[in-house]
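As structure tokens, the structure follows; a few thoughts come after it.
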Amino acid sequence: RRRTMSQQQGQQLATLSPQQLQGLSEQLEQDINQLTESLASLQKAIGRYHTSGRALEAMKEETEGKEMLVPLTGSLYVPGKLGSVDKVLMDIGTGYFVEKSPEQGVDYCKRKINLVRENMEKLIEVITEKRKQAMQVTQTFQAKMQAMEAQAAKQNEVGA
């Protein structure tokens, strides 16, 4: 009969001291928090790609020379005029830009959204596994503490 992975982990956890279990629990909690922050960052990236894709789709109705406000920062704009509506420069990361048609830009955004979603799914699996491990550690810690309390109570009865 084969032992499952969680049974093996449970037996390994049982050999740790309460202090070691507490340290492991804290490490797992830190890992979960970091992974959750990464997940939130990926969700924001999807939002940015959606926004970019919608902006590119809206360019189909725009004409060259249209007056508009150009953002310099999140809250600072200057007046400007729309240049060519046939080509856009896309930031593809680390300071690199590529020229694409709006249609190619929409396709790029859709592909990036799918890629980020795949990464999010993998990250969710890792977070779920870490949470299971953290729960096992907590249960093992509580069982050890209860056993130590029971032993202490038994020794007090014998000594009394």
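Worth a mention:
- Screening the stretch 120-160 for residues that are acidic (Asp, Glu) and modelled with pLDDT of 95 or more and picking the one that is nearest to Leu39 (Cα to Cα) gives Glu121.
- Within the stretch 34-47, residues that are closer than 19 Å to Val126 by Cα sit with their Cβ atoms under 9 Å from residues that are surrounded by 15 or more Cβ atoms within 10 Å (Cβ to Cβ) and among the basic types (Lys, Arg), at 6+ positions apart or across chains, in these pairs: Leu35/Lys130.
- Test result for Val88, surrounded by 10 or more Cβ atoms within 10 Å (Cβ to Cβ), under 30 Å from Ser17 (Cα atoms), in contact with a Leu (Cβ under 8 Å, 6 or more places away or on another chain) and of a type in the set (Val, Ile, Thr): no
- Summed over the stretch 116-149, the residues that are closer than 29 Å to Ala40 by Cβ and either open to solvent by 70 Å² or more (accessible area, probe 1.4 Å) or among the aromatic types (Phe, Trp, Tyr) (or both) give a count of 12.
- Residues that are on the phi < 0 side of the Ramachandran plot and over 26 Å from the mean Cα position of the chain (by Cα), drawn from the stretch 37-66: Leu56, Glu57, Ala58, Met59, Lys60, Glu61, Glu62, Thr63, Glu64, Lys66
- Tyr49 aromatic (Phe, Trp, Tyr) and within 30 Å of Asp31 (Cβ to Cβ): yes
- Flag if Lys81 is loosely packed, with under 11 Cβ neighbours inside 10 Å and in contact (Cβ under 8 Å) with a residue 40 or more places away in the chain: no
- Hits in the stretch 126-151 - residues which are within 24 Å of the chain's Cα centre (by Cα) and touching a residue at least 24 places away in the same chain (Cβ under 8 Å): Val126, Ile127, Lys130, Arg131, Lys132, Gln133, Ala134, Gln136, Val137, Thr138
- So Thr73, is it at negative phi, part of a loop (DSSP other than H, G, I, E, B), at pLDDT 90 or above and β-branched (Val, Ile, Thr): yes
- Filter pass, Glu103 being exposed (fewer than 12 other Cβ atoms within 10 Å of the Cβ) and under 19 Å from Ile46 (Cα atoms): no
- Qualifying position, being charged (D, E, K, R) and over 26 Å from Leu28 (Cβ atoms), among Lys144, Lys122, Lys132, Lys154: Lys154
The values are calculated or read from the model by the stated rules, or taken from the named source; none is laboratory data. In this text, all values refer to a predicted model and were calculated from it rather than measured experimentally. Ideal geometry is used to build each Cβ from the backbone, glycine not excepted, and the neighbour counts take in all protein chains shown. We work out accessible area using only protein heavy atoms, side chains counted, and drop any ligands, DNA or RNA first. Shrake-Rupley method; radii C 1.70, N 1.55, O 1.52, S 1.80 Å.
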